[in-house]
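Peer 1: The structure follows.
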Amino acid sequence: SFDCSHCKDFHEQFLPALVRDYVIPGKAYLISRECPLAGHARAREAAVYATAAARIGKYKEVADALYRDQAKWANSDLVWESVAAILNPEERRRVQMLAKDRDVDAEVQRDIDFAATNGFVYIPTILVTHHGRTYPIKGIPDPALFRHLLDLLSSN
């Protein structure tokens with residue numbers, strides 16, 4: 001959830017090393033799922049913009065902006081301003097158009113349903129899947145232990 005302080009910490013402090021050390025070298029891949037917190041006024045709007053931005057190849061940039069500006073928009077009407085600030089005019093037009101598309105909203109809803117079906121009661125939650133087995137990790141894991149787990153799994 002883009003308005004969750006724990007998700008912000010995960011995105012800014014944990015994720016960059018994971019991407020650098022495991023995703024870029026091809027040892028792991030990353031799937032982000034949107035899980036806007038119910039009752040949080042702007043969380044779903046932010047998720048819809050991020051999902052729309054993903055469709056034009058700008059997910060990371062929009063996610064970075066939403067987390068960076070979280071304090072500005074989480075309790076205001078400034079979600080779009082954070083998104084628009086990092087897009088050029090053509091990208092803004094496309095993201096706004098896609099954000100109104102029912103398919104984009106349905107994709108966010110599928111992610112929410114996935115989280116509910118799989119018992120995500122804590123965010124962030126990481127699912128590590130290896131050879132058909134899934135290991136859920138709730139919260140921000142200890143970096144050394146998480147690296148050890150990924151190294152063990154990637155050696156099998």
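The values are calculated or read from the model by the stated rules, or taken from the named source; none is laboratory data. Remember, predicted model here, so these are calculated numbers, not experimental data. Don't worry about glycine lacking a Cβ; one is built from the backbone with ideal geometry, like all the others, and counts go over all protein chains shown. Just so you know, the surface numbers come from the protein's heavy atoms only, side chains and all, with ligands and any DNA or RNA stripped out. Shrake-Rupley method; radii C 1.70, N 1.55, O 1.52, S 1.80 Å.
Peer 1: Would you be able to tell me the number of residues in segment 1-17 that are touching a residue at least 24 places away in the same chain (Cβ under 8 Å), in a helix (DSSP H, G or I), within 21 Å of Ala50 (Cα to Cα) and of a type outside the set (Phe, Trp, Tyr)?
Peer 2: Looking only at segment 1-17, we keep the residues that are touching a residue at least 24 places away in the same chain (Cβ under 8 Å), and these are 1-14, 17.
This time we only want the ones that are in a helix (DSSP H, G or I), so: 5-14, 17.
Next, from what is left, pick out any that are within 21 Å of Ala50 (Cα to Cα): 5-14.
Within this subset, residues satisfying the condition of being of a type outside the set (Phe, Trp, Tyr) are 5-9, 11-13.
Residues meeting the conditions: 8.
Peer 1: List pairs: first in segment 90-114 and surrounded by 15 or more Cβ atoms within 10 Å (Cβ to Cβ), second of a type in the set (Lys, Arg), Cβ under 7 Å, 6+ apart or cross-chain?
Peer 2: Short answer, once both residue conditions are applied: Glu91/Lys58; Leu98/Arg55; Val108/Arg44; Asp111/Arg33.
Peer 1: Does segment 42-50 include one or more residues that are outside any helix (DSSP H, G or I) and touching a residue at least 12 places away in the same chain (Cβ under 8 Å)?
Peer 2: Here is the first cut: in segment 42-50, the ones outside any helix (DSSP H, G or I) are 42.
Checking which are touching a residue at least 12 places away in the same chain (Cβ under 8 Å) leaves us with 42.
Yes - at least one qualifying residue is present in segment 42-50.
Peer 1: Now a separate question. Could you identify the single residue in Val19, Val62, Val23 that is surrounded by 19 or more Cβ atoms within 10 Å (Cβ to Cβ) and of a type in the set (Val, Ile, Thr)?
Peer 2: It is Val62.
Matching residues to (1) modelled with pLDDT under 95; (2) closer than 19 Å to Val23 by Cβ; (3) among the acidic types (Asp, Glu):
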| position | (1), (2), (3) |
| --- | --- |
| Leu98 | no, no, no |
| Glu107 | no, no, yes |
| Ile112 | yes, no, no |
| Thr125 | yes, yes, no |
| His130 | yes, yes, no |
| Leu145 | yes, yes, no |
| Leu149 | yes, yes, no |
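Peer 1: If Gly132 satisfies all but one of (1) open to solvent by 80 Å² or more (accessible area, probe 1.4 Å); (2) without any contact (Cβ under 8 Å) to a residue 40 or more places away in the chain; (3) more than 15 Å from Ala47 (Cα to Cα), what's the number of the condition it fails?
Peer 2: (1) is the only condition that Gly132 fails.
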